[in-house]
Amino acid sequence: MGGDSLSSHAHVIGWGKYLPQRVLKNGELSELVDTSDEWIRTRTGIRERHLVEDGETTADMAVQAARQALEVAHFNPTQVELIIVATVTPDHLFPSTACLVQDMLGATRAAAFDLSAGCTGFIYGLSVAANMLLSGAYRSALVIGAETLSSITDWTDRATCVLFGDGAGAVVLQSGENEGGVLASSLGSDGSGGDLLWLPAGGSRIPTSQRTLDERLHFIQMKGREVFRFAVKVMHDATCEVLEKAGHALGDLTLLIPHQANQRIIEAAARSLDLSPEMVYSNVEWYGNTSAASIPIALSEAAEKGRIQTGDLVVCVGFGAGLTWGAAAIRWTRPQPMLAPLRRRIVRRLYYSLARIRSRFRRLIRWLSAFGIKDGLNGGRRSKE
Ligand code: COA
């Protein structure tokens, strides 16, 4: 934890993304359900999406994206004080995916928790982390959006299975006195629309049973047209609101990074904001909708490609299940990163291998001490007898 003194700014100093190797093209989907490449491309703009291999999980992808972000930031995992993973597809309901990531990274000084706000999760996470840095409670944070949507996609439902993909994106935030960083955020919710996009079963209201499995209630269900209308409106409103909060006008904006759900939604939002296509980042064509991962993946890709330069004003805006929506305005302060010296990169790689050993060692110690305590209790009982 930091020094508890108010800090003035929360800067994005590192970014990274991870897409699993396996690619599923539209043509392959048309072998699974009654659809076509042409329908998917014209209605969504999506050509292909990445899917995890068997055994690859949300935490695995989150760690890959986080490592890249730490590399760009020239940060060691032990410097991270807070880890937030935004996801609707955690490895388990508990422990949190953030704790798994903390362990795999060897981020020994970090607090860690998951955050559920649908596809807006990363914006919520960024806002929470930035404000925790501004409060002075923490000096650095890793904010990750990671999803294995393929695990909750109904591969027999053509209305949804064509939309989603897997992946992860991450940023490192650091507090600092210099101007810029996350200037403002604006978050919203409307739970009355919860059933427009949801996963009905598996929680406390509809626990898992044979019936829920038979009725396929563990898969995403969506009312597409309603979500579409909601999305276009809130993208416009949240962008305007966050710019106003940051003391800026639309004319000051350099790049809009919208949630990558559908190219038609992105274009409609751009039209309503009167932004030219060059000012709106899109990669939905190649990755589909990766929910909470979509904005950090797009942000990282835009930064990697040099589409964001020092001094630029970037707005990230998203919407999703909940219903939720949100936007964050960021004044970019990090110049294009230099690759860390080879020696440092090797040391960091070694550290990650050690983190794995450290984790096993801690389990062993816990196992041994459990034995010790049990022996002690037995011994105590015996001595009383
Ligand atoms: N292939 C072929 N036909 C399909 C299809 C598919 N994959 N999915 C739906 N259809 C059919 C429908 O059955 C319907 O047929 P009908 O007219 O005979 O009933 C027709 O296409 C039109 O369906 P509709 O739902 O009106 O299409 P649409 O233009 O609204 O596009 C979505 C559907 C899902 C692409 C669009 O509504 C959307 O993107 N909504 C937002 C979803 C979203 O972003 N969700 C995530 C939020 S984070």
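Please treat every number below as a calculation from the coordinates, not as lab data. Remember, it's a predicted structure, so these values are computed and weren't measured experimentally. Positions of Cβ are backbone-derived with ideal geometry, glycine not excepted, and every protein chain shown enters the neighbour counts.
Brief remarks on what is shown
- For the range 9-331, a simple Cβ point-charge model (Lys and Arg +1, Asp and Glu -1, everything else neutral) yields a dipole of about 340 debye relative to the Cα centre.
- FRET efficiency, residue 154 to residue 43 (Cβ-Cβ, R0 22 Å, nearest 0.05): 0.75
- Of 214, 195, 60, the residue with the greatest mean-square motion in the GNM of the chain, using alpha carbon springs below 10 Å, is 214.
- Residue by residue, the range 106-118 carries 3J(HN,Hα) couplings of x, 7, 5, 9, 9, 7, 8, 7, 8, 9, 10, 9, x Hz when phi is fed to the Karplus relation 6.51 cos²θ - 1.76 cosθ + 1.60 (θ = phi - 60°); x denotes Gly or Pro.
- Residue 184 long-range amide H proximity, modeled H, under 5 Å: 329
- Helical mean residue ellipticity (222 nm; -39500 (n - 2.57) per DSSP H run of 4+; nearest 500) of the chain: -12500 deg cm²/dmol
- D_trans [Stokes-Einstein, Kirkwood Rh over alpha-carbon pairs] for the chain, 10 °C, 1.306 mPa s, µm² s⁻¹: 73
- For the range 308-322, Karplus couplings with θ = phi - 60° (6.51, -1.76, 1.60), whole Hz, Gly/Pro x: 10, 10, 3, x, 5, 9, 10, 10, 9, 9, x, 8, x, 4, x
- Long-range amide H partners of residue 8 with built H, under 5 Å: 176
- For residue 117, residues with placed amide H under 5 Å, excluding near neighbours: 87
- Packing rank of 302-308, 153-159, 258-264, where each peptide gets the mean count of other beta carbons within 10 Å, highest leading: 258-264, 302-308, 153-159
- Under Karplus coefficients 6.51, -1.76 and 1.60, residue-wise ³J(HN,Hα) of the range 179-185 in Hz, glycine/proline x: 4, x, x, 6, 7, 6, 9
- DSSP finds beta bridges in the chain, and of those with both partners inside it, around 75 percent are antiparallel.
- Sorted peptide list for 243-254, 88-99, criterion being average Cβ within 10 angstrom, highest first: 88-99, 243-254
- Gaussian network model of the chain, springs between alpha carbon atoms under 10 Å - residue of 235, 338, 104 with greatest fluctuation: 338
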